[in-house]
Amino acid sequence: MFSIVDAALLRPLPYTAPERQLLVFSLDANHQLVPMGYSEFLELQKPTSTLEAFGALYPHAATVTSPSGPRQAWMANVSASLFRTLGIQPVLGRAFEPAEDIAGGPPVVIVSDAFWRRELGADPAVLGRTIEVDSSGGGAGGAVYQSATIVGVLPPGVAFPRLPGRELFLPLGIPREQAAIPVTARNGLYGFARLKPGVTAAAAKAEMSSIVHALTGYDVDVEPLFNWVLADAAPALRAAFAGVLLLLVIACANVALLLLMRGTARGRDLAIRAALGGGRGRVALQQVSEGVLLALAGGALGLGLAVVAVRGVVEVSGVGIARLHEVRVDARMAAFALLASVLSGTLAGAASAGVALRSDLFLLLKDGGVGATPGAARSRVRDGLVVAQLAIALLLATGAGLLLRSLERLSAVPLGLEPKHLLATFVRTQGVSSAPALAQLLAAAKAIPGVQNAAVAGTIPFEAGRGWGDSVIVEGRNPTATMPDYASLNWCSPGFLTTTGIRLIKGRDLATTDTGRSNPVALVNETFVARYLPGREPIGALFRSYDWPETSIAIVGVVQDVRQWGPAEAPIPEVYLPEQLFARNETAYRQGAMLIVRSRLPPGRVEAALRSAGAPLESQVLLGATRPVDEYLGSFFQKRRFQLQLAMTFAAAALGLAALGVYGAMAFSVVQRRRELAIRAALGAQRRQLSGLVLARGARLAVLGIAFGVGGALALGRFLSALLYGVGQRDPLTFAVATLTLGAVALAANLLPALAASRLDPMTVLRSE
């Protein structure tokens, strides 16, 4: 955990002057953050009094034809100034030149180190080679690069903030007409600024806002790049690291109990040593030394296991942890392990050492030994350690329970469609007239035995990195340049709603008669109606989009909301256009399509059947892998499941350690009190009364531990609030279940010592004493 927290929270970002790096957004009249436009970037990259450098980036997905074949790839259009802003230099070749920010030059591309090694064989003479890159719909002015020349290779491990896995980098490619005059259009740009030394973020924000407002009417908002990179990962990482430390405290308390009991058993021996000149200090130092040696041995073993565990965590955690690719085993991790071991050993030995320093030598010689009735100091320390373990275990169990309840609530959120038995295949169309090929492929898919329904669409919900958003103008509304109405645009074939399980609420579905020659129509979702047509009849209402400013589109149906960005995010306004209408926008249409089928057949069989059916069309369409839609949805739960797995692991380990601590303390207490218990038995005490004494003592400790644990969980619950969904940080059911679980664990740990107490033979005990 330290290696992950170190990589994400403690290490500076791997960029030039990371403390002076800012992320820059535009701010509309509603004070909503929106992407930047080309005009704003061109103006802000000019020399200013507060900025040392300014760059921009547009991330997207496109198709690349590499030596391994055609496939989708993560890429980005970047300005020539971005590499200088962040301090990234290619290890081979060159960075982009300022002239390449404007469209019209020869197509060029910079590749990542991973792409260079995997797809290009790490060829040192790769510069000048060409690869087929289709960046239609990207930030490069809608251009379609076919043969892009490789001009650079980035260093290993280079990653752009919160955009891992980018393989190809293209020039920004601003259309010349947009570079010549200011426009208010949003072009999806992320702005990156590096402050001049001594300049504050507030001063830079004020200057950039004045520049942008005078140009387009928008304002500017900034955020330290470090904060944006962490996003919502910081609370989860801090909570996980706190859980590890609390688990370590329980382990320390457990070892402290063992050392205390060992010291008690050797009480007479230690007292004699002290009486003969050893002194209490040396006796206490011996206790601490034993704890440190134990901890160092455990730390060495733990460090060896951590080397393997770090690799495992990186493999299983997937997305959601900031800068996960930077996690590694190094000297910092070893130093932390050494420090943690020394501190743990010192804490573990401190309890026994403290008792040794406060002990009366005469009384220790008098009653020291395993069978002696325990002194008050030892009993209080031992009971305190047991209570502390139980309290921390309850704290961790409550946190795990809250995360579990949160995941349950998140899983129960209606998605707006039925992903079960739904499969999706990415299809790249080739050639200008791709609609006929898609129609033939769709007909072939419907004819496959075992396929219930099939449809094609531009994108599917939960598919990150693809999609088409646009400004819309609804009849009767008056959006402004800085307060536009916005919607996510998708296109689909008739039968899309039936195939996906999206419910039609009002009006009609799209039909085969909705063609490019008929009156333009569309479906909209509930959020579109609520936001842009409140109190109005949506059926028949007209709207236009930025891409078709002269075309009025009539709404013919309203569908239920689909949570495109996952169950934790609210739906956004969405428009579904007929396939042939959307085909007018060739740039967007060439991004590819998703072939969606509903079938109970295994995905592998469906994929094989689709490839067989599409074989006659291979010159017109290229098929990607077939994946269950559940897999796309799974990425939204992956991070939360990983957090839950960590929390459950910590809670289970804490309960186990606490049970061992309770058992050890109570078992030793029975051994120490055996003379007393034997006398009680000799005087007529029943077995159940003897076991009841032990159970009563254990119950008191459990009640105290639960009380302190509940108090701590109530006080610290707010630190988990950022990780919860649909459940309060003081959820009564979670607290009740955690309390009952800990109570059951404590009772089970007390049963064996209680049973041992009830089986004592008084004659044997008294004779041995």
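The values are calculated or read from the model by the stated rules, or taken from the named source; none is laboratory data. Predicted model, so just to flag it, every value in this text is computed and none were measured. Note that we place each Cβ from the backbone using ideal geometry, even for glycine, and neighbour counts take in every protein chain shown. Accessible surface is based on the protein model in full, side chains and every heavy atom, while ligands, DNA and RNA are left aside. Shrake-Rupley method; radii C 1.70, N 1.55, O 1.52, S 1.80 Å.
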Residues listed by number, segment 325-341, amide nitrogen under 18 Å from ALA114 label point at 7 Å toward C-beta: 325-329
Magnitude of the Cβ-charge dipole of segment 596-692, K/R +1 and D/E -1, about the Cα centre, nearest 20 debye? 720
Shape of segment 653-769, Cα gyration tensor, a/c cut at 1.5: prolate
Taking θ = phi - 60°, what integer Hz values does the Karplus form 6.51 cos²θ - 1.76 cosθ + 1.60 yield along segment 705-711, in sequence order, with x for Gly and Pro? x, 5, 4, 5, x, 5, x
For the chain, give the magnitude of the charge dipole about the Cα centre (Cβ charges: +1 Lys/Arg, -1 Asp/Glu; no others), in debye to the nearest 20. 3940
Using only Cα atoms, find the angle between the long axis of helix 201-216 and the longest principal axis of the chain, and express it within 0 to 90 degrees, rounded to the nearest 10. 20
Given H placed on each backbone N at 1.01 Å, which residues far from LYS196 in sequence or on other chains put an amide H within less than 5 Å of it? LEU51, GLU52
Taking the chain and dividing mean pair separation by its residue count, relative contact order in percent (alpha carbons under 8 Å, at least six apart): 16
Sequence-distant residues sharing a close amide H with VAL521 (under 5 Å, placed H): ALA554
If each DSSP helix of 4+ residues adds -39,500 (n - 2.57) and the sum is divided by the residues in the chain, what number results at 222 nm, nearest 500 deg cm²/dmol? -15500 deg cm²/dmol
Dipole of the chain, positive direction: furthest Cα of PRO732, SER209, PRO47, with charges on the beta-carbon: PRO732
Quick check: at a probe of 1.4 Å, how many percent of the accessible area of the chain sits on carbon and sulfur atoms? 61
I'd like the Kirkwood hydrodynamic radius of segment 482-574, using the inverse of the mean 1/r over distinct C-alpha pairs, in Å. 14.0
Along Cα→Cβ, 7 Å out, is where each label goes; now give me the distance between the ones at GLU550 and GLU418 in nm to one decimal. 4.5
Rounded to the nearest 20 debye, what is the charge dipole size of segment 645-769 about its Cα centre when +1 sits on each Lys and Arg Cβ and -1 on each Asp and Glu Cβ? 380
ASP330-LEU245 pseudo-label distance in nm [points 7 Å out on the Cα-to-Cβ vector]: 2.2
Is segment 404-505 rounded, prolate or oblate when judged by the Cα gyration tensor, a ≥ b ≥ c being the square roots of its eigenvalues, rounded requiring a/c under 1.5 and prolate requiring a/b larger than b/c? oblate
Show the residues, 5+ positions off or on another chain, whose built amide H is closer than 5 Å to the amide H of ALA541. ILE555
Apply the Karplus parameterisation 6.51 cos²θ - 1.76 cosθ + 1.60, with θ equal to phi minus 60°, to every residue of segment 394-399 and state each ³J(HN,Hα) to the nearest whole Hz, in sequence, with x for glycine and proline. 5, 4, 5, 5, 5, x
Relative to the compact-globule estimate 2.2 N^0.38 Å (N residues), the Cα gyration radius of segment 1-48 stands at a ratio of 1.68
Vicinal HN-Hα couplings computed from phi for segment 667-682 (Karplus, 6.51 cos²θ - 1.76 cosθ + 1.60; Hz; Gly/Pro x): 5, 5, 4, 5, 4, 5, 9, 4, 5, 4, 5, 5, 5, 4, 5, 5
Of all DSSP beta bridges in the chain, what percent run antiparallel (nearest 5)? 80
